[in-house]
Structures are given as C-alpha cells and as structure tokens.
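Participant: Pasting a structure here, questions to come.
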Amino acid sequence: MVDLERQRDMLRRQREQDQRVLTALYNIGLACRDRPTLRTILETINHELHGVFSFDAIYIALCDETPETFSAALLVDEGEAQYIEGLEYGYLTGAIVRDRAPLLYRDLVAERDPDAPRVMFGNPEKRSRSWLGVPLMVGDDAVGVISIQSYQVGIYTPESLNLLQRMANVIAVAVENVRLLDVHGQLSRALSQQVTARTEELAALSRIASAAVSRRPLPAILDEALGVAIDLFRFDAGNVRLLDAAGIYLVLQAHRGFAPQYAEVTVRSPLITSPLRGVVLDGQPQVIERGWSSRFDPSRFPIHVFPPFDCALSLPLSIGSGVLGTLSLFGLVERTLSEHTVRLAQAVANQIAILVENTRLIEERERQISELRTLSSVSRAASTAQDLRTLLRQVHDALQEFLPLDAFSMLIYDPERQVVSDAVSIDEGRANDYWGNQPPPSRSLSAWIIRSGLSLRFENLPEQIAALEGIERHAFGSWRQALSWLGVPMLDREGRVIGVISVQGYTASLFGPRDEGLLHSVAAQVALHVQNVRLLTQRARQIGELEAIGQIGKLITASYNLDLMLDEVRREVVTLTDASVFYLLVCEPETRVVTHAI
C-alpha cells in the first residue's frame, strides 16, 4: 500500500511537471507568434523556465552569423538582468555550441579544470556550484545555448539535463522560426527598398530619355537632366560640360548649386589644364569621396567660385568610343560612393550623352532643312528681283531666318572699271547706299576680299583684324562696332570677283564654318543672277546701239541738210547714252578748219 502511494505521488509530480513543461513551451511558442524582439523572447524563456527549474542564475544566448559571437544574450543573476548584443562566446557556453553537446556539473567549483578561464557575470562574490547547459539545436546546427546555475551543490541531475535538452529543442524551433520571420521581414524590407530604388532609378532614366523628343534648346534639356541626376544621387550641385568642335575647351552647358559668377569665370575651361582632363581622355569616372576642395591650388584653379565641396563624382558622356563631355556631381560633405552608385551614375551619363547626340542630330537636320529653304528663297529672289535693292532685301530676309545677323551688305563690283557699281546695306531695318561708282577703300575688308578672292570670318573683329596687315574696318549702316563679321566673294564664270556679301553682328562668335559655307552658296546664287542681269543689260545696250546706228543711217540717206543730220545724230546718241553733254565737230581734212559744230 505504501509503495502504491509512493508511485501515485511520483506520477502526480511527474504529471504536474509535465504540465508545467507544456505550459512553459506553450507560452514561449505563443510569445513567438507575435514577432517579438529577441530580448522579449529571451525574457519570456527565462520567465517560463523559472516555473520548471530551480536556479539562481540563467544564461540564454542566440548565435550570430559572425563566428564565436552571440547575436543576443540575456544574463540574469538573482533577478538582476543584463541584455547584451554581440557578446563573445564564454568558455563553457562556447564549448556547448562548438561541440553541440550539453554539460552538467554537480559542483562546478570542484569539477572544472582550475586552469580553464572563468567567464563570470552577476555577483562576482558568489560562485556557481550546480551548473547545467544545453545547446539549442535545429537539425544539426546549434543556434544558441541555455545554461542554468545554482549556488547550491547537486541541484541538477541527468534527468534535469534530459528535460532541459528536450525543452531546448522545442524552444530552438520556436526561436528559429522567429529568426526566420525576422530575416524574411528584413529581406522583404530590403527587397522593397531595392524595388523603390530601382523604380526611382528607372523613373529618372525615363525622364532623361523623354527629353529627347522635346523640341527645346539643348541647354534647357541638359539643365533638366542635370536636376534629375542631382536628385537621384542626393548631391548638392552639378554641371554638364561639352567639348567644343575643336576638342580644346569644355564648354559649360548647364549648372546647378553654384553662384552666378561661377558661369562667368568657368564658361570655357581649357581641356589641357582642366581637372576633368583624365575623365575625357581615359573615358573613366573620377571618384573623390573626401577632400575635393583641398586638391586645388588657388593660384591655378578658380576654387573661389566653388562652394566648399568635399566630394565629387565626374563621369564621361560617352557615345561608343568617343566622349562628348562630362557630367560632374558635387557634395558638401564626404560620402562613400558604392560601385553600384558609380555604375548607375555612368548609365545616367550615357543616357545624357545619347540625349546630346540625338539633339545634335535633330538640330543638324533642322539646320539642313533651313539651309535648303534659305537657298531656295535666295534662288527664287535672284530669278525674280528686278533691281539690286529688291534682291538685297529678299536675300537679307531669307538669311535673317537662319543666321543671327544684325547687319547685312552686298556690293556689286565691276572688275573692268575696278569700281563698285552698286552697294547697299541693311542695318536696324534701314537700307543705305555706299561706295557707288567708286573703288572700295583700299584698306577695307571688302577690298581685301576683292583682291584675294577669299572669304573672311571674325569671331571678335577688333581683336583679330590686327592679323591682316594694312586692313581696317570701314563701318556701314549705324556705324556701330561689329564684333562678329563674315564676308564672302561673288565670282563670275571666269573666277573674277564681281561682288561681296557680308554679314555682321554686335555679339562675339556669332558665325561659324557652317554659316560661311551657306553664305558661299548664297553668293554663288546671287553672282549667277548678277551675271545674267549684266548679260541682259549688255544685250539690250547692243540692240540699242544697232538701232541707233540704223536710225542715223536712215537720216543721213534721207536728207542733204548737214545741220539737220548732225542734230539727229546728237539726239540718238544722247537718247542711247543718257549723256548730259554732247560735242560734234566737222572740219576740212586738209586744213582742219571747222565747218560745222554742235
């Protein structure tokens, strides 16, 4: 009967213990369902294990991806808790994790190796006597450790170890599920951030690409693209520069985040001395993460017009193997630029380069259309104009739609008499005659073109005219000082100069080689018309002369009155030549005595 009572008591205690274990595991599992923090999980495990085991101190830790390190650990000694992240393995807990095996000490002080290092927590005046530790196992991997300790000897038995290990296996699964959920959440957030970032990047590239179809000036398009790049990469300022036609200068096209004087000082940067020389020549990005401003000598570089930038990213605008210019982004504070950021920035720069090339192709097409339209207008004017002034006005109107001219002049030169037969200019809408029926001034630009048969083009006339010896500017029209000047000769079929067409502007660098080529084509059209007019005039004159000779012959044969015949001759000659004075003398051939005079 006594044995039966004892067995019943044992079964009751076992059932109560099993109930406490199940309750503890249920509460731990329930806590893990709400995606708690690691600290909350560890505190819940500590609280629930108190209902199953007797201990004075507990050590619960979860392993980290970093070797020999716990990502989180809860250390409790007599109710005083410490939560530590990034804790290194202890001697005993590390052995449990590495060996994936539990440890049991009936009396830690007596049984452990005295030479082994001691890792203590809590009250250093008290030493743990009973010590039990088990790994948190998920499959073959140890994901953490639980150790319970008592200041009394012999508290824990192999049965205690077996129970704690079985509970630890269930706890490990619950904790690992929480960790997996946390990792899943982190991955989801990271993926969401990546999707957001990629969406933002694609939107930026799309905005830049959409500018290719807008009919706006290139500087306006580049300014918008620059703003997109600055916002995308979170920089404070930036600029876009393009190489000029000769590849000598980097010309500022757009800038943001700079003072107004920056553009005035750095609008044309010589490539040979530019900090961006390597970017253009090597076609590779230049990354400066800190100390940008301190890299330059103020005596050689205009650092005073720059804000105090600390970092910069400069990229080539590349098309194929060629470089069109640069995209530079600046920051006021130092920053680390990842490889992805640099690659993405280069993709943006390439997109801007495509934009530049596309805009240039569109501008070239529009220019060619305008050139053909201008030549068509000039050809139509040359074939229909009845006089030089009408022709001048029509040619001026056709060119003004294409060239940024402020004044226009055209002179017709007679190479046989070496005088200007007609010369008209249009300046500020008013037509003016000049140099009529006289040689052009020998030191004038037009005279130089007539003598040489070559064209002249000045980007800054006052500075460049000194290169031509014996030449000075002769103003026409409003007599204002021209800065840009372009003049071309008109040639006849024999290659002789029969006129000059010139345009001028009151702003520097208005006319380029393409404008010079167009003006040559216009001059050829006008020269053809001038020659045709001359031929028609010569033909009409010859017809008039023949008619006059015939009329005089008729009068001579019809009358024997010499005075009457001479008067008719005078009338016909004056009518033909528009002469204001006429002399005709008749004398004896032998004595040379004048017999008749008129």
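Just so it is clear, none of the values below were taken in a lab; they were calculated from the coordinates. In this text, all values refer to a predicted model and were calculated from it rather than measured experimentally. Positions of Cβ are generated from backbone atoms using ideal geometry, with glycine treated the same way; all protein chains shown enter the neighbour counts.
Participant: Starting from the alpha-carbon convex hull of region 193-277, give the projected area averaged over all orientations, in nm².
Facilitator: Result: a mean projected hull area of 6.9 nm².
Participant: So how strong a dipole does region 192-270 carry about its Cα centre when Lys and Arg Cβ are +1 and Asp and Glu Cβ are -1, to the nearest 20 debye?
Facilitator: I would put it at about 140 debye.
Participant: What does the charge dipole of the chain about its Cα centre add up to, to the nearest 20 debye, if the Cβ of each Lys and Arg holds +1 and the Cβ of each Asp and Glu holds -1?
Facilitator: 600 debye
Participant: Here is a follow-up. Could you tell me what a quarter of the Cα convex hull surface of region 243-329 works out to, in nm² with one decimal place?
Facilitator: Over all viewing directions, region 243-329 projects a mean Cα-hull area of 5.7 nm².
Participant: Another question, then. Given the Cα atoms of region 214-365, and with Rh set as the inverse mean 1/r over their pairs in the Kirkwood sense, what is Rg to Rh to two decimals?
Facilitator: Rg/Rh: 0.94.
Participant: Net charge near ARG457: determine it from the other residues with C-beta under 9 Å of the C-beta of ARG457, scoring Lys and Arg +1 and Asp and Glu -1.
Facilitator: With Lys, Arg at +1 and Asp, Glu at -1, the net is -3.
Participant: Defining a contact as two alpha carbons under 8 Å apart and six or more residues distant in sequence, what relative contact order in percent does the chain show?
Facilitator: Relative contact order comes out at 6 percent.
Participant: Further question: Work out how far the C-alpha atoms of region 130-241 reach from end to end along every principal axis, then list the three figures in whole Å, largest first.
Facilitator: 89, 25, 16
Participant: Say R0 is 45 Å: what FRET efficiency, to the nearest 0.05, do GLU363 and GLN186 get from their beta-carbon distance?
Facilitator: 0.35
Participant: Select from ALA72, ALA466, GLY238 the residue farthest towards the positive end of the dipole of the chain; place +1 on Cβ of Lys and Arg, -1 on Cβ of Asp and Glu, and compute about the Cα centre.
Facilitator: Among ALA72, ALA466, GLY238, the one farthest towards the positive end of the dipole of the chain is ALA466.
Participant: Helices from the chain with mean Kyte-Doolittle at least 0.0 and a Cα length along the axis of 30 Å or more, per DSSP H: which?
Facilitator: For the chain, where a helix must reach 30 Å along its axis and average at least 0.0, the hits are 158-210, 513-558.
Participant: Can you give the convex hull volume of the alpha carbon atoms of region 2-184 per residue, in Å³?
Facilitator: Value for region 2-184: 126 Å³ per residue.
Participant: Set the Förster radius R0 to 56 Å, insert the Cβ-Cβ distance between CYS587 and ALA466 as r into 1/(1 + (r/R0)^6), and round the FRET efficiency to 0.05.
Facilitator: Given R0 = 56 Å and the Cβ-Cβ separation, E is 0.40.
Participant: Hey, another quick one. May I ask you to compute the full-extension gain from THR37 to LYS126, defined as 0.36 nm times their residue separation minus their alpha-carbon distance, rounded to one decimal in nm?
Facilitator: Full-extension gain reported as 28.9 nm.
Participant: If I histogram all Cα-Cα distances within region 386-537 using bins 5 Å wide from 0, what percent of pairs lands in each bin?
Facilitator: Per 5 Å bin, starting at zero, the Cα-Cα P(r) for region 386-537 comes out as 2, 10, 21, 25, 23, 14, 5, 1, 0 percent.
Participant: Towards the positive end of the charge dipole of the chain, with charges on Cβ (+1 Lys, Arg; -1 Asp, Glu), say which of TYR262, VAL279, LEU486 has the farthest Cα.
Facilitator: LEU486
Participant: Can you give the charge dipole size of region 2-184 about its Cα centre, rounded to the nearest 20 debye, using +1 on the beta carbon of Lys and Arg and -1 on the beta carbon of Asp and Glu?
Facilitator: For this selection, approximately 520 debye.
Participant: Just to be sure I understand, if you calculate Rg and Dmax of the Cα atoms in Å for this structure, which of [x] 29.9, 100; [y] 31.4, 123; [z] 50.3, 193 do you get?
Facilitator: Read-out from the structure maps to [z].
Participant: Sticking with this one: Taking region 177-244, which trypsin sites (Lys or Arg not before Pro) meet the DSSP loop condition and have no more than 16 other C-beta atoms within 10 Å?
Facilitator: Passing both the DSSP loop test and the Cβ count: ARG215, ARG234.
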